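Asks: Attaching a single structure in structure tokens format; questions to follow.
The values are calculated or read from the model by the stated rules, or taken from the named source; none is laboratory data. Everything numeric here is computed off the predicted structure, so don't read it as measured data. All Cβ positions, glycine included, derive from the backbone under ideal geometry; neighbour counts span all protein chains shown. Surface areas here come from the heavy atoms of the whole protein model, side chains and all, with no ligands, DNA or RNA. Shrake-Rupley method; radii C 1.70, N 1.55, O 1.52, S 1.80 Å.
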Amino acid sequence: MTERQTLGAISPCFIVSDVPAAIRFYMERLGFELRFSEPAEDPFFAIVGRNSVQLFLKAVSPTVLAQPNHTRHEWAPWDAFVYVEDPDSLAAEFAARGLAFYKGVVNRGDGLRGFEVADNHGYVLFFGRPIGQDRAG
């Protein structure tokens, strides 16, 4: 049997209409950094990230628009789940950056605690964790 390899991280790719505007949203509202853009001026592709989390942002053409999951089916609202140990503190940081939340911090009925953010293209990211996985226990 071959050795089991360690996986790094996964990076969702969001199709957007305006890559520079998406970069600004993630940097200004969520504290992400720009890791790559092509071309450097007026990019059609970029990678933004914070710690081990990163997103690919790509403009395909004027006729290919963003299609967040919630626009396809109301029961599948999230485009990304970001595990965070302390969603309350992160929500406070984001609020201080002027972020308007899609849904604020709550204990959800499915056993998760966290909050939802909609980016400037409508993609919904959930930042949270299972309720039983807090620092105390």
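Asks: For the range 33-90, name all the residues that are part of a strand (DSSP E or B) and of a type in the set (Lys, Arg).
Replies: Taking the range 33-90 as the starting set, the residues that turn out to be part of a strand (DSSP E or B) are 33-38, 45-50, 53-58, 61, 64, 80-83.
Hits for the range 33-90 are Arg35, Arg50, Lys58.
Asks: Same structure, new question: Give just the number: which of (1) within 26 Å of Ala22 (Cβ to Cβ); (2) out of contact with any Gly (no Cβ under 8 Å at 6 or more places or on another chain) does Gly128 not satisfy?
Replies: (2)
Asks: If Met27 satisfies every condition in (1) under 21 Å from Ile10 (Cα atoms); (2) in contact with a helix residue (DSSP H, G or I) (Cβ under 8 Å, 6 or more places away or on another chain); (3) not in a loop (DSSP other than H, G, I, E, B) but one, which is the exception?
Replies: (2)
Asks: Here is a check on your reading of the model: is Arg35 of a type outside the set (Val, Ile, Thr) and within 24 Å of Gly114 (Cβ to Cβ)?
Replies: No: the conditions fail for Arg35.
Asks: Tell me, please, whether a residue that is in contact with a Lys or Arg (Cβ under 6 Å, 6 or more places away or on another chain) and not polar (S, T, N, Q) can be found in the range 46-66.
Replies: At the first step, the residues of the range 46-66 found to be in contact with a Lys or Arg (Cβ under 6 Å, 6 or more places away or on another chain) are 47, 49.
Next, only the ones that are not polar (S, T, N, Q) stay: 47, 49.
Within the range 46-66, one or more residues are in contact with a Lys or Arg (Cβ under 6 Å, 6 or more places away or on another chain) and not polar (S, T, N, Q).
Asks: Can you name every residue in the range 33-59 that is in contact with a Cys (Cβ under 7 Å, 6 or more places away or on another chain) and basic (Lys, Arg)? Before you say what the answer is, go through the steps one by one.
Replies: Looking only at the range 33-59, we keep the residues that are in contact with a Cys (Cβ under 7 Å, 6 or more places away or on another chain), and these are 56, 58.
Within the range 33-59, just Lys58 meets the criteria.
Asks: Now for a different question. Take the residues in the range 86-134 that are within 19 Å of Arg50 (Cβ to Cβ) and β-branched (Val, Ile, Thr), then tell me which one is surrounded by the most Cβ atoms within 10 Å (Cβ to Cβ).
Replies: Among residues in the range 86-134 that are within 19 Å of Arg50 (Cβ to Cβ) and β-branched (Val, Ile, Thr), the one surrounded by the most Cβ atoms within 10 Å (Cβ to Cβ) is Val117.
Asks: If you don't mind, there's one more thing I want to ask. On the basis of being part of a strand (DSSP E or B) and either over 22 Å from Ser11 (Cβ atoms) or among the acidic types (Asp, Glu) (or both), does Gly104 make the cut? Quick ask: steps written out before the conclusion?
Replies: Working: part of a strand (DSSP E or B): yes; either over 22 Å from Ser11 (Cβ atoms) or among the acidic types (Asp, Glu) (or both): yes.
For Gly104, the condition - part of a strand (DSSP E or B) and either over 22 Å from Ser11 (Cβ atoms) or among the acidic types (Asp, Glu) (or both) - is met.
Asks: Mind listing whichever residues of the range 1-18 are part of a loop (DSSP other than H, G, I, E, B) and open to solvent by less than 60 Å² (accessible area, probe 1.4 Å)?
Replies: Looking only at the range 1-18, we keep the residues that are part of a loop (DSSP other than H, G, I, E, B), and these are 1-12, 16-18.
Listed by number, the residues that qualify are Ser11, Pro12, Val16.
Asks: When Ala76 is evaluated against the numbered criteria (1) surrounded by 14 or more Cβ atoms within 10 Å (Cβ to Cβ); (2) at pLDDT below 95; (3) of a type in the set (A, V, I, L, M, F, W, C), which criterion, by number, is the only one it fails?
Replies: (1)
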